[in-house]
Structure formats: C-alpha cells, structure tokens
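*Asks:* Can you keep this structure in mind? I'll have questions shortly.
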C-alpha cells in the first residue's frame, strides 16, 4: 500500500512540474523543451532509487516547483520601445512583499 501511495505522489509531482514549466515558460518554446527534457531525465535516472531516498527526492521536486513558480520571470524584448516587458504572476507576490510608500511632501 505504501509503495502505491509513493508512486502516486511521484507521478503527481512529475505532472505538477510539467504544468509549472508550461506556465513559467509560457512563451518560450526552447526553454519549455529543455526543462521538460530535464524533468524527464531526472525522473528516469531516479526511477530505481532506494525507497529511503524517495522522500528526499519528492521534497527536492516540491522545492524546485516552488522556486520556478515564485522566482523565475520571463522577460520579452519589445523592439518598438526598446524595453523588456515581463509578465508577473500571483505566485511572485508574497504577503507583506508589496507595501505602499508614503507620498512625498507637496505631491498628491
């Protein structure tokens, strides 16, 4: 029973990482392909890992997922303006991160 539960968690994590890379690298087909390949390779090379290491690998995968969602931002060059634009997602803002700043004297 425990093996089936672990297998289910690993498969769920695999799918979660693939969904995350699609969101994070939404407009970057090259990165999507590279990250998908990296995810598949990591899971293949760890497929026969001892059961005592699986929990550690799951934790590492969850941390990777959180890092991708919370810290990776894709910037896109706009040749018309010469600037880069980035698409921020709700995952990028943590409670307490966004604070207002007081208005300077004389400005409203």
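*Asks:* Calculated FRET efficiency, residue 14 and residue 92, Cβ-Cβ r, R0 30 Å, to nearest 0.05?
*Replies:* Taking R0 as 30 Å, the efficiency between residue 14 and residue 92 is 0.80.
*Asks:* Over segment 2-92, calculate the relative contact order: mean separation of alpha carbon pairs under 8 Å at least 6 apart, over the residue count, as a percent.
*Replies:* Details: 52 pairs, mean separation 25.3, N = 91.
Result for segment 2-92 is 28 percent.
*Asks:* I would also like to ask the following. If I take R0 = 30 Å and measure r between the Cβ atoms of residue 83 and residue 23 in this structure, what FRET efficiency does the formula 1/(1 + (r/R0)^6) give, to the nearest 0.05?
*Replies:* That pair, residue 83 with residue 23, gives E of 0.80.
*Asks:* 7 Å from Cα along Cα→Cβ at both residue 67 and residue 45: what's the point-to-point distance in nm?
*Replies:* According to this spin-label approximation, the distance is 1.4 nm.
*Asks:* For residue 59 and residue 5 in one chain, what is 0.36 nm times their gap in residues minus the Cα-Cα distance, to one decimal in nm? Please report the intermediate quantities before stating the final value.
*Replies:* Details: separation 54, 0.36 × 54 = 19.44 nm, distance 1.52 nm.
Extra length from residue 59 to residue 5 when fully extended: 17.9 nm.
*Asks:* When a/c reaches 1.5 or more, the comparison of a/b and b/c decides; with that in mind, is segment 2-92 rounded, prolate or oblate per its Cα gyration tensor?
*Replies:* In terms of gyration-tensor shape, prolate.
Bear in mind that the values in this text are calculations on the coordinates, not laboratory data. All figures in this text were calculated on a predicted structure; none of them were measured in a lab. A quick note on method: Cβ atoms are made from the backbone with ideal geometry, for glycine too, and the neighbour counts reach across all protein chains shown.
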